[in-house]
1. Which of the following residues is touching a Pro at 6+ places or on another chain (Cβ under 7 Å), touching a residue at least 24 places away in the same chain (Cβ under 8 Å), aliphatic (A, V, I, L, M) and outside the structural domain of residue 380 (by TED's automatic domain parsing): 215, 257?
2. Scan the stretch 13-32 for residues that are in a helix (DSSP H, G or I) and touching a Lys or Arg at 6+ places or on another chain (Cβ under 8 Å) and report the count.
3. Of 35, 99, 115, 93, which residue is more than 25 Å from residue 286 (Cβ to Cβ), part of a strand (DSSP E or B) and touching a residue at least 40 places away in the same chain (Cβ under 8 Å)?
4. Checking residue 2 against (1) at pLDDT 95 or above; (2) within 25 Å of the chain's Cα centre (by Cα), which test does it fail?
5. Filter the stretch 42-66 down to residues that are at negative phi, part of a loop (DSSP other than H, G, I, E, B) and not aromatic (Phe, Trp, Tyr), then give me how many there are.
6. Checking residue 69 against (1) under 17 Å from residue 237 (Cα atoms); (2) assigned to a helix (DSSP H, G or I); (3) out of contact with any strand residue (DSSP E or B) (no Cβ under 8 Å at 6 or more places or on another chain), which test does it fail?
Amino acid sequence: MSHFSDHDVRLDLLRDRAFNLRWAEQAQDVIPLTAADPDFPAAPVIREAIVRYVQDGVLSYGPPQGLPIFRDSVAGYLRTRRGARVDASGVIAVNSAAAGLAMVARQWLAPGDEAIVMDPVDFLFAHTVRSAGGVPVRWSVTRTGALDLDRLASLITPRTRMLGLCNPHNPLGRCFTRDELTAIGRLAERHDLRILSDEIWSDIVYRPAGFTSMLALDEAIASRTVVVHGFSKSFCLAGLRIGYVAMTDGAACARMLAASEHPSTVDGAATVSQIGAAAAYDRALPWLDAFLEHLRARRDQAVQALNAMPGVQVQAPDATYVAFAKINDPPCTIEDLVDRLRREHGVAVVPGSPRWFGEGAAGHVRICFATSEGILRQGLERMDRGIGSIRADKA
């Protein structure tokens, strides 16, 4: 039975509950293909686990590192699905993957320290580095082609402390190979850099591409790596605000926990959210497989429709459910184009603005296709008509 039809998209609830540029923040007639948050309800087994837990009525404090059931579930997932040498002592529950990025940046960076981040890449990398007092240094990456490792090496200075990776990559949709990651890891090893690997998209990878976790490489690389992951992208659980940081060294994990605000209870992850996330890994992987098949079809639908639009080019992503489309010879600035598409043509997308992704995103828009076939078709038709109309106005 499908969980991903037009009928399964509860627009009545989304317009009330889906914020962050989505349905609840748009005019009634606008289709948002914006934030990377699916339009579908979470898997029934996840909902059932949460309801059972809440119905017992005992909602006490959890341990600072996270519930044992959650950490055991995460460690089991990382060992069996990722080949990572992680046990429960190397896992910390955090209140989102974004919070995990911030936790690592705060503890690895002192004011003035430099951290290399990709360009383009999700804005949270640079944001969390700056919030820790650090200085983000941009390393350009592209959708395809060889990584410029010489350029990466040239960016390393005596102030460089951390290398931030987004794999699979948002917004490019690139999934880096084991050889590429090993080369990056060896460079970090030579310069004694720590590696922060955001792997939140690692379940949304389309065949024949494959995913390799930095924690699955040899111990010399894995031991200097922290992985950040979450449950919003794969399991439609953004509102639960639940993620984790994971590492192979339990003692290093204990030090990171002790230096955080978790022991003081200023920060931490909700127990209800951890129950839902544990159920996702323990019982919802078949649902995830079905979701991935739906997303593959929507990816192909989006890529075909976008490339049929005059002046628009996109490469099919190897991973993620976002398409990063180049607008050739745009009739106005990308920001103005996106604004007019929303106001005049009823479709919202994300502009390739420096504030979202860095300078490397210039001239692009990002489209999220984690919705139903019908909604995606309507949204892309509006985009096609809108770009054509705006071009005609310019002419």
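1. Result: 257 is the single residue among 215, 257 that is touching a Pro at 6+ places or on another chain (Cβ under 7 Å), touching a residue at least 24 places away in the same chain (Cβ under 8 Å), aliphatic (A, V, I, L, M) and outside the structural domain of residue 380 (by TED's automatic domain parsing).
2. Residues meeting the conditions: 3.
3. Unique residue meeting the criteria: 115.
4. Result: residue 2 passes all but (1).
5. Result for the stretch 42-66: 10.
6. Among (1) under 17 Å from residue 237 (Cα atoms); (2) assigned to a helix (DSSP H, G or I); (3) out of contact with any strand residue (DSSP E or B) (no Cβ under 8 Å at 6 or more places or on another chain), the lone unmet condition for residue 69 is (1).
Let's see how each residue does on (1) touching a Gly at 6+ places or on another chain (Cβ under 9 Å); (2) among the hydroxyl-bearing types (Ser, Thr, Tyr):
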| residue | (1), (2) |
| --- | --- |
| 168 | no, no |
| 176 | no, no |
| 181 | no, no |
| 189 | no, no |
| 241 | yes, no |
| 244 | yes, yes |
| 256 | no, no |
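Matching residues to (1) surrounded by 24 or more Cβ atoms within 10 Å (Cβ to Cβ); (2) touching a residue at least 40 places away in the same chain (Cβ under 8 Å); (3) assigned by TED's automatic domain parsing to the domain that holds residue 136:
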site	(1), (2), (3)
76	no, yes, yes
80	no, no, yes
83	no, yes, yes
103	yes, yes, yes
107	no, yes, yes
111	no, no, yes
121	yes, yes, yes
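The values are calculated or read from the model by the stated rules, or taken from the named source; none is laboratory data. No experiment lies behind these values; they were computed from the predicted model shown. Heads up, the Cβs are rebuilt from the backbone with ideal geometry, glycines too, and the neighbour counts pull from every protein chain shown.
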